[in-house]
Each structure stands twice: as C-alpha cells, then as structure tokens.
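Nothing in this text is a laboratory measurement; each read-out follows from the coordinates by a stated rule. This one's a predicted model, so the numbers in the text were calculated from it and none came from an experiment. All Cβ positions, even for glycine, are placed from backbone atoms using ideal geometry, and neighbour counts span all protein chains on display.
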Amino acid sequence: MEKEEKLYLKIGNTLTAKDANITHGKMMTSPGLKYKNKVFAFFHNNAITFKLGKEFNPEKNGIERWDYLSPFKNKPPMKAWFELPYSEKDKWEAMAHLALEKMKDQIG
C-alpha cells in the first residue's frame, strides 16, 4: 500500500470511528467515504476528491494545487468536486471534515 492510500485510510478510519453515519464505500470503483450513504470524498490516482460545493474557493483555503473532478471526456468538469493531489496532503484531513460538514448540511 502506498503512502497516499495509507493517509486516505487513516483519515477515513478516524472519521468512521467518530460517527456511525460515516462509512467506507465506493465512488464508482474507487474507495470513498459516505455520510448517510452519500459520498463526500473518495480516493483515486493517489489524490482525494472532496465534494466542497461550487462556491468553495481553494485559494482562500490555502490550497495551491487542485483540479475539478472531470471524469467524462465529453462533459464539463464537476465544479462542486475538488481533487487535491498528495502534494496538498497537509490539507486532506481539514478538507475531509469540511466536505463532511457540507454533506451534513445538505442532507441533514
């Protein structure tokens, strides 16, 4: 297991231990984190993608390297989802908590 995946699992295990509504799951074929069965983060290509909302501003949150989730060749990027590479690993845990809080606000 690579260092990127180990960090993702550490963050995920910490969150799932705190709340029974948070579980490990899948986003397509990638490992993900769910709140009440809705994915708020997932691990793919040694990066974590977080659902932070279209209004989220990465730069204001100290994130230098990021990209929108763009899984489809013929469709525009999904601007509510932000992919952070391992070079931003020091932000992963905080963004996981933020994505979780946004999901809780969204679905209750």
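Quick look at the values:
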item: Relative contact order [Cα under 8 Å, 6+ residues apart], the chain, whole percent; result: 22
item: Per residue Cα convex hull volume in Å³ - calculated over the chain; result: 106
item: Long pairs among K6/K36; K6/K26; K51/K89; K18/K60; K54/K102, criterion Cα-Cα beyond 19 Å; result: K6/K36; K18/K60
item: Point-to-point label distance, K36-K18, nm (Cα→Cβ direction, 7 Å offset); result: 1.8
item: The stretch 13-72: mean projected area of Cα convex hull, nm²; result: 5.1
item: Fewest-first ranking of E83, E4, E59, E64, using other Cβ atoms within 10 Å as the exposure measure; result: E59, E64, E4, E83
